[in-house]
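No value in this document is a laboratory result; all are computed from the given coordinates. These numbers come from a predicted model, not from an experiment. Quick reminder, even Gly has a Cβ in these numbers, built from the backbone with ideal geometry, and neighbours come from all protein chains shown.
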């Protein structure tokens with residue numbers, strides 16, 4: 001019998017949440033949230049997994065009192081692995097991928113990492129290539145690393161804590177890790193060269209039922225002892241899954257959060273440029289997906305200082321007419337323009353103008369990513385940016401294609417992860433796109449932005 005209520009553990013880079021998703025209508029009934037804080041003390045900056053664990057268990061107990069939880073699924077950000085020892089504890093703290101430790105051994109890592117043609121992983125800074133993290137940990141802390149019994153991708157770590165069952169899964173392995181060969185559907189040469197294959201648990205599909213929750217979890221949360229836990233999925237692929245199940249190719253999905261990840265389904269054949277942060281993701285069915293990304297959510301937070309001011313028609317008209325533009329890139333080291341330093345063509349005069357210009361910048365960066373992966377057909381925006389009308393309309397003006405941005409897309413990761421427990425779910429009718437076409441001023445702004453970027457070289 002299919003579960004009626006699924007609890008989704010949804011851990012993003014900036015915030016973590018626990019969502020209760022109703023199978024009927026695939027809607028969130030309740031949500032608990034907490035900041036995903038990084039601990040600076042100790043060997044290196046790391047995720048506070050025990051704090052997150054307490055948040056998860058407390059939230060499961062609370063949500064279960066509101067609606068009986070009948071299944072648990074997991075989705076998390078990528079570029080994160082957990083080194084688990086033979087007792088199930090941590091062999092080493094869970095490294096924050098923004099720590100620059102791995103940058104100190106670039107030459108050594110470059111000598112062993114496979115090429116882009118094999119892995120679809122571009123060469124990235126800090127710990128964004130998971131293989132670089134693992135090699136840095138192995139060389140910097142050999143005694144602790146030697147205690148590793150299993151290397152778990154982040155979603156599967158939380159599933160392991162709930163069930164005691166260790167598993168590997170392709171969407172997280174295929175997320176610019178250097179560990180996976182998407183064409184072969186197997187581990188890359190790096191894994192065997194480093195002797196890590198024996199540390200990676202059996203490969204399981206994202207929708208596999210790993211097992212019931214452990215007795216101690218049932219006792220603490222009040223969930224039934226037979227509550228199933230599913231293997232779990234990388235968050236951008238969770239956003240993609242509902243559309244894979246409900247739409248005909250070609251189309252593109254833009255998953256927004258700390259990272260903006262663009263994914264093209266049924267796209268034109270293009271040669272991906274790893275120097276511009278294009279990559280091959282692996283979807284929930286194990287298929288390669290041309291993708292590109294930039295740190296859009298982080299950039300927006302830096303630009304707006306955490307606030308979201310209102311805007312007026314006058315603000316919008318001034319930005320369009322005065323060509324108030326932010327040129328790339330706010331966050332260097334990744335994205336379609338990784339080496340460029342951001343600059344304004346004209347300073348915004350009001351907070352509303354700044355919001356409009358920042359929204360347009362994000363739309364133009366997204367359009368650049370979509371161009372790089374040969375995207376075609378409608379573009380579906382999932383996550384927080386789906387609520388930003390200015391972003392969606394400028395994206396439509398910049399691409400010349402329909403954009404879908406609706407309330408359902410705004411909860412894409414949680415709904416997508418819930419679908420792992422609902423293989424025969426009846427998905428709602430696909431949302432209608434925004435009205436096609438855009439006022440000339442918007443298309444002219446998009447063209448002027450591209451010209452300004454090209455002039456900077």
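Points to keep in mind about this one:
- Fully extended contour minus Cα-Cα distance, from residue 249 to residue 271, at 0.36 nm per residue: 6.0 nm
- For segment 244-456, DSSP calls about 75 percent of its internal beta bridges antiparallel.
- Largest-first principal axis extents, alpha carbons of segment 302-417, Å: 41, 32, 28
- Proxy reagent accessibility, fewest Cβ within 10 Å first, across 208, 287: 287, 208
- Degrees, to the nearest 10: 440-456 long Cα axis against longest axis of the chain: 70 degrees
- Percentage, to the nearest whole number, of Cα pairs in segment 1-123 over 17 Å apart: 67 percent
- 222 nm mean residue ellipticity, helices alone, for the chain (DSSP H n ≥ 4; -39,500 (n - 2.57); rounded to 500): -10000 deg cm²/dmol
- Rg/Rh, computed from the Cα trace of segment 7-50 with Rh as the Kirkwood radius, has the value 1.16.
- Only Cα pairs under 8 Å and 6+ residues apart enter the sum, and on that basis the relative contact order of the chain stands at 16 percent.
- The Cα-based radius of gyration of segment 244-456, divided by its Kirkwood radius, gives an Rg/Rh of 0.96.
- Highest to lowest packing among 120-133, 32-45, scored as the average C-beta count within 10 Å: 120-133, 32-45
- Remark: the Cα gyration tensor places segment 113-270 in the oblate category, a/c being 1.5 or greater and a/b not exceeding b/c.
- Using alpha-carbon coordinates, inclination of helix 313-322 to the longest axis of the chain, degrees: 70 degrees
- Convex hull per residue volume in Å³, alpha carbons only, for segment 167-219: 102 Å³
- Residue ranges 332-344, 365-377, 175-187 sort as 365-377, 175-187, 332-344 when ordered by packing (mean number of other C-beta atoms within 10 Å per residue, highest first).
- Of all DSSP beta bridges in the chain, antiparallel share, percent nearest 5: 75 percent
- Taking Cα atoms only, the orientation of helix 389-399 departs from the longest principal axis of the chain by about 70 degrees.
- Over segment 313-373, equivalent-ellipsoid semi-axes from the Cα gyration tensor in Å: 23, 13, 8
- Cα centroids of segment 18-76 and segment 228-248: 18 Å apart.
- Longest to shortest principal axis, alpha-carbon extents of segment 64-195, angstrom: 53, 35, 25
- Gained length - residue 194 relative to residue 106, 0.36 nm times residue gap less alpha-carbon distance: 30.1 nm
- P(r) weight above 34 Å for segment 5-231, C-alpha pairs, percent: 15 percent
- log₁₀ of I(q)/I(0) at q = 0.05, 0.06 Å⁻¹ - the chain, Debye sum with one point per alpha carbon: -0.17, -0.25
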